[in-house]
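*Asks:* Mind having a look at this structure? Questions to follow.
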C-alpha cells in the first residue's frame, strides 16, 4: 500500500479545502448560538498564548512585576471566559441535539476535552504559588489519593508544572484539532425536521 | 466538500461565508474582553501569598507547637493516613472492594515523626548544643518516659501563654527535654528555615533541585490551614476548591463536583472523596453517552429551544425541511 496515496485519498474524501476553509455555509447557520464555539476556541488561544509567555518568564516574574502580574491576570481571566463560552457552547449543542446524523463522536470528544480541562485547571490552580495553591494541594491530595492517582504527585512543583504545560496542554490541543476536524468534516448539524417526530 | 458534508447538506440552501474572517473577529473580541477583565480586576492570588511556617510560628506559636507535637508524639492523622503515605490500609477510602488507593499502595512512604520533626531537630542540634543535649536525653529515655513527657507537655500547651513572643508553660509539670526540643523547632521555624529543611531532607542527593514540597505543604495541614481556609470560606463544607480567597470568581465549573460535598449523606462519609468522584465521573459518562440513551436524547425535542436558535430557518421552512418552504 502506498501510504501517501492512501493519505491523499483520505484527505480528498474527508477534508477538502472547502471543508477546511469554507467559503459558503448552510443558511441555517444564522444564530448567536454559533458564536460560542468560536469564542471557546478564541479564549483557549488566549490561554495558550498567555501561558507560553508565563512559561518563559517564570513564577517570580508573574508574581512580582507589573507586566508579569498582568500576563498572569490575562491567563486567569481567559480561563474564566473559556468556561463561560464552553458552558454556553455545549448548552446550545445540547438543545440542537447536535449529535444527530453520526455526530456522536464530536459530542463525546467535546466532553472529553472538558473533562481533561478540569484536571488541567486544577494543575493550574496548584501552580499559582499562593495560598489557594497551598490549600487546594492540601485538600486535593485526599481526592487524588482516594482515586489512586497519587502517582501524579500534586505537591511536586515540577510534576505539576510539566503535567500542566506539556501533558494536559498537549492532550487538549490534540483533541481540539480532532474536534475541529470532525466538525468541518461533518458540517453543521441540520435543524430538527417535523419536531423530531420522524427521528427515534 | 467531504463525503459526509455532501450527504448532510444535500438540498440545503447555502450562503457566502468566510470562516477565517469570522474567527479573527471573534478572537479579537475575546482578547479585548480578557484584557479588559485583567486590567480592571487583576489576578486574585496577588494579595494572598502562601501561608509560611515562619508566619505561623511567629503569629501563632502555640498552634505551631501543637502541630509539631502532634507529629512528634505520633497523634497526627497523617501518621495513620494510609496509602500512599503509610501502611494503614484500613484508613484508605473505599467503596466495598473498590479501593484504588490500596491498589496503588504506599508509593510515597512518610514517617511524619522522623521526616517532619526528628530530621530537622538533628539539623538544629548541629547548630545548638542545648538542643543537641536535649535530643540526646530524649532519645536515651525509655518509650514510656518519652510518652509521659510528650503527654505532660501537650497538656501544658493547652494552658500556655504567649509573653513577648515567648511561649510560657505552667511552672509545674515534668516535661523533660521536650520544651527545649519544641522551642528549638519554634526558633528554627521563626528564622524561616523549616520549609527549606523539610524540602532538602526529602532527598538530600537531589539538592538543590528537589521540588517535592509534600513535607512543607503538609506541615501546616490540619487545624492551622483549616482555620485560614475557614476565614476565607474555603473549606469543603462551603464548596471548597470551587472558590478562592478574596472577592473573585474561581473554579465555578467545579460546582457540579463540589456540590456533592454539600450533601450531608455524601460529605460526611469517610470515603466522601471517592464517592463524590465516582458520582461525578459517572454523570460525565452519562452525558457523553446521551446520543445513545433513548429518554435523554429526546430532551431537546421536548424543550424546543432549537426553535429559538433556528427561528429564521423555521420562519422560512416551518417543518424544518427546506423542500417545504412556508410559501408553498
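*Asks:* Residue check, residue B:104 against (1) within 10 Å of chain A (Cβ to nearest Cβ); (2) modelled with pLDDT under 95; (3) under 24 Å from residue A:126 (Cβ atoms); (4) in contact with a helix residue (DSSP H, G or I) (Cβ under 8 Å, 6 or more places away or on another chain), all met but one. Which one?
*Replies:* (4)
*Asks:* So, one more: I'm told residue A:63 meets every condition in (1) at pLDDT below 90; (2) under 20 Å from residue B:277 (Cα atoms); (3) within 10 Å of chain B (Cβ to nearest Cβ) except one. Can you identify the failing condition by its number?
*Replies:* So residue A:63 meets the others, but not (2).
*Asks:* In addition: Considering each residue of segment B:303-317, count those that are in a helix (DSSP H, G or I) and in contact with a helix residue (DSSP H, G or I) (Cβ under 9 Å, 6 or more places away or on another chain), and give that number.
*Replies:* Within segment B:303-317, residues that are in a helix (DSSP H, G or I) and in contact with a helix residue (DSSP H, G or I) (Cβ under 9 Å, 6 or more places away or on another chain) number 5.
*Asks:* While we're here: Residue B:284 fails exactly one of the following numbered conditions: (1) over 23 Å from residue B:98 (Cβ atoms); (2) at pLDDT 90 or above; (3) assigned by TED's automatic domain parsing to the domain that holds residue B:243. What is the number of that condition?
*Replies:* Looking at each condition in turn, residue B:284 falls short on (1).
*Asks:* Only one of B:165, B:173 is in contact (Cβ under 8 Å) with a residue 12 or more places away in the chain, on the phi > 0 side of the Ramachandran plot and over 32 Å from the mean Cα position of the chain (by Cα); which?
*Replies:* B:173
*Asks:* Would you check which residues across segment A:41-59 are more than 17 Å from residue A:166 (Cβ to Cβ) and facing chain B (nearest Cβ under 9 Å) and list them?
*Replies:* A:41, A:42, A:43, A:45, A:46
*Asks:* While we're on this one: How about segment A:68-84: which of its residues are within 8 Å of chain B (Cβ to nearest Cβ) and over 15 Å from residue A:121 (Cα atoms)?
*Replies:* The answer is A:69, A:70.
*Asks:* Check off (1) in contact with a helix residue (DSSP H, G or I) (Cβ under 9 Å, 6 or more places away or on another chain); (2) free of Cβ contacts under 8 Å to residues at least 12 places away in the same chain for residue A:56 and give me the number that stays unchecked.
*Replies:* Condition (1) is where residue A:56 drops out.
*Asks:* Of (1) surrounded by 14 or more Cβ atoms within 10 Å (Cβ to Cβ); (2) facing chain A (nearest Cβ under 7 Å); (3) over 30 Å from residue B:37 (Cβ atoms), residue B:312 satisfies all except one. Which?
*Replies:* With (1) surrounded by 14 or more Cβ atoms within 10 Å (Cβ to Cβ); (2) facing chain A (nearest Cβ under 7 Å); (3) over 30 Å from residue B:37 (Cβ atoms) applied to residue B:312, the lone miss is (1).
*Asks:* Next up: Determine whether segment A:1-19 contains at least one residue that is surrounded by 14 or more Cβ atoms within 10 Å (Cβ to Cβ), in contact (Cβ under 8 Å) with a residue 60 or more places away in the chain and within 22 Å of the chain's Cα centre (by Cα).
*Replies:* Yes, the conditions are met somewhere in segment A:1-19.
*Asks:* I would also like to ask the following. Quick one: which residue in B:229, B:250 is more than 30 Å from residue B:200 (Cα to Cα) and modelled with pLDDT under 90?
*Replies:* On inspection, the qualifying residue turns out to be B:250.
*Asks:* Also, quick follow-up: Inside segment A:87-114, can you point out the residues that are modelled with pLDDT of 95 or more and farther than 21 Å from residue B:307 by Cα?
*Replies:* Within segment A:87-114, A:104, A:105, A:106, A:108, A:109, A:110, A:111, A:112, A:113, A:114 qualify.
*Asks:* If I filter segment B:318-328 for residues that are out of contact with any strand residue (DSSP E or B) (no Cβ under 9 Å at 6 or more places or on another chain), without any contact (Cβ under 8 Å) to a residue 24 or more places away in the chain, facing chain A (nearest Cβ under 8 Å) and not in a loop (DSSP other than H, G, I, E, B), do I get at least one hit?
*Replies:* No, that holds for no residue.
The values are calculated or read from the model by the stated rules, or taken from the named source; none is laboratory data. Owing to the predicted nature of the structure, the values given are computational and were not obtained by experimental measurement. Cβ: placed from backbone, ideal geometry, glycine included. Neighbour counts: every protein chain shown.
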